[in-house]
Amino acid sequence: MLTGKIDTLLNKHAKKLKTLQFSMNLPKLNLSYEFSSTIAHQKFHSASVGKLMTTVLIFKAIEDRKLSLESKVDDYLEPSALNHLYDYQGVDYRDLVTIRHLLSHTSGVNDYFEGKTIDGTVFIDEIIGQPDKFWRPMDLIRFTQEKQKCISKPGEKFLYSDTGFVLLGLMIEKIYDQAFHRVLDDHILIPCEMENTGLCFYSDGFDPTEIAPLFVGKTDVHTFKSLSCDFSGGGLWTTTEDLQKFLRQLHSFQLISENSIEDMATFNQKFRQGIMYGLGMMQLRFEQFFFLLKSLPRLQGHLGVTGVHAWFDPITHATYVMNVGSMQDMANSFQILIQIVRMVEKE
């Protein structure tokens with residue numbers, strides 16, 4: 001039986017991992033499944049899977065005619081938010097940066113989280129070294145303004161940028177004249193009945209002690225105030241059950257239109273080998289990991305740096321959600337996902 005095989009697999013992996021949460025929904029088999037190595041409905045940090053929700057809010061604003069993919073970022077944000085971000089080879093290109101550029105990570109802006117810095121500063125060291133520091137969105141922008149260089153003119157290069165997604169979050173606040181977490185509530189969390197999801201440090205009910213372990217290197221940071229460094233780049237707490245609700249609503253066009261989903265699914269940029277990037281959404285191409293995986297479906301959704309997965313099969317409508325809570329266990333998370341998807345495909 002499929003669920004028995006998956007139970008065996010997950011229990012085996014759970015012995016080696018800091019935490020493990022997994023769920024799937026398989027409409028063709030009329031099967032839903034959930035697993036947690038800790039407690040049922042364990043809350044965990046979404047990491048960059050939250051970028052999917054930021055992207056949905058942007059497309060919602062586009063459908064509400066508040067902006068377009070070609071809207072210039074400079075028309076919406078205060079000048080101080082863009083100072084020095086787009087200075088490239090002596091020219092400031094801020095007036096050319098569009099929403100499309102930010103969603104596709106081609107605006108040229110650097111990445112505060114993992115990007116190269118002028119002075120050799122490593123942002124992850126700041127998270128660990130200053131656990132009580134609260135990072136406001138403009139603090140994150142200033143990190144890039146002061147410590148990093150623009151990598152190209154807008155539209156010339158792909159660089160995955162959390163800085164760019166913080167800019168999108170600030171734009172959402174400007175457009176809706178509300179705090180980002182309130183817009184998130186109104187347009188995603190409440191409509192999807194995601195009662196166990198919110199923006200860490202901002203939404204009501206946030207309790208860091210309820211979140212699963214979250215390891216950066218050997219340090220568990222899940223209760224650190226410095227985890228406020230994500231914001232609209234993925235700073236949510238959530239559960240596998242809530243992410244399942246979100247994926248189902250998203251891909252049944254209840255949140256945004258089919259045309260918007262098609263725009264998100266223009267996978268023109270290479271994120272990593274086997275992972276393509278569209279507009280705020282990723283696509284897995286398992287055959288590029290290993291040629292014998294060519295029969296597996298091309299899933300779309302998003303990945304988080306701490307081994308958080310949220311994937312949807314546009315053909316069968318199967319959904320897969322997982323969390324392993326550790327940057328060092330990303331490879332293990334992919335091994336689990338591949339093994340499970342292979343099992344499902346054999347049914």
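The values are calculated or read from the model by the stated rules, or taken from the named source; none is laboratory data. Owing to the predicted nature of the structure, the values given are computational and were not obtained by experimental measurement. Positions of Cβ are backbone-derived with ideal geometry, glycine not excepted, and every protein chain shown enters the neighbour counts.
If you go through the range 329-347 and keep only what is more than 14 Å from L10 (Cβ to Cβ) and either free of Cβ contacts under 8 Å to residues at least 40 places away in the same chain or small (G, A, S) (or both), you end up with M330, A331, K346.
Take the conditions (1) in contact (Cβ under 8 Å) with a residue 40 or more places away in the chain; (2) closer than 17 Å to L159 by Cα; (3) in contact with an Asp or Glu (Cβ under 9 Å, 6 or more places away or on another chain); R94 misses just one of them, which is (1).
Farther than 17 Å from V308 by Cα and small (G, A, S), is that true of S232? Here the answer is no, as S232 does not meet what is asked.
Selection over the range 152-180 of residues that are among the aromatic types (F, W, Y) and assigned to a loop (DSSP other than H, G, I, E, B) gives a count of 2.
Only one of the numbered conditions (1) surrounded by fewer than 22 Cβ atoms within 10 Å (Cβ to Cβ); (2) closer than 18 Å to T306 by Cβ; (3) out of contact with any strand residue (DSSP E or B) (no Cβ under 8 Å at 6 or more places or on another chain) is not met by Y160, and that is (3). Among the residues of the range 114-140, not one is of a type outside the set (K, R), touching a residue at least 24 places away in the same chain (Cβ under 8 Å) and out of contact with any helix residue (DSSP H, G or I) (no Cβ under 9 Å at 6 or more places or on another chain). Do we find that R94 is surrounded by fewer than 20 Cβ atoms within 10 Å (Cβ to Cβ), at pLDDT 95 or above and basic (K, R) in this structure? When the stated conditions are applied, R94 does not pass them. Filtered by the rule that a residue be more than 14 Å from M171 (Cβ to Cβ) and among the charged types (D, E, K, R), the range 71-123 gives D87, D92, D95, D111, E114, K116, D119. Picking from residues in the range 232-253 that are in contact (Cβ under 8 Å) with a residue 40 or more places away in the chain and of a type in the set (F, W, Y), the one that is nearest to I127 (Cα to Cα) is W237. Entry remark, the range 297-328: residues being over 28 Å from K18 (Cβ atoms) and touching a residue at least 24 places away in the same chain (Cβ under 8 Å) number 4 in total. Annotation note: of W311, W237, the sole residue that is outside the structural domain of I124 (by TED's automatic domain parsing), part of a strand (DSSP E or B), hydrophobic (A, V, I, L, M, F, W, C) and touching a Phe, Trp or Tyr at 6+ places or on another chain (Cβ under 6 Å) is W311. Go through the residues of the range 208-229 one by one and say whether even a single one is aromatic (F, W, Y), in a helix (DSSP H, G or I), touching a residue at least 24 places away in the same chain (Cβ under 8 Å) and not assigned by TED's automatic domain parsing to the domain that holds V97. Checking the range 208-229: not a single residue is aromatic (F, W, Y), in a helix (DSSP H, G or I), touching a residue at least 24 places away in the same chain (Cβ under 8 Å) and not assigned by TED's automatic domain parsing to the domain that holds V97. Scanning the range 313-347 for residues that are more than 26 Å from F215 (Cα to Cα) and in contact with a strand residue (DSSP E or B) (Cβ under 6 Å, 6 or more places away or on another chain) gives a single hit, A318.
Of all residues in the range 281-296, those that are among the hydroxyl-bearing types (S, T, Y) have Cβ atoms under 8 Å from Cβ atoms of residues that are not in a loop (DSSP other than H, G, I, E, B), 6 or more apart or on another chain, in S295/E345. In this entry, K294 passes the filter for residues that are modelled with pLDDT under 95 and either touching a helix residue (DSSP H, G or I) at 6+ places or on another chain (Cβ under 8 Å) or surrounded by 22 or more Cβ atoms within 10 Å (Cβ to Cβ) (or both). Could you please give the count of residues in the range 250-301 that are assigned to a loop (DSSP other than H, G, I, E, B) and aliphatic (A, V, I, L, M)? Residues flagged as assigned to a loop (DSSP other than H, G, I, E, B) and aliphatic (A, V, I, L, M) within the range 250-301 amount to 7.
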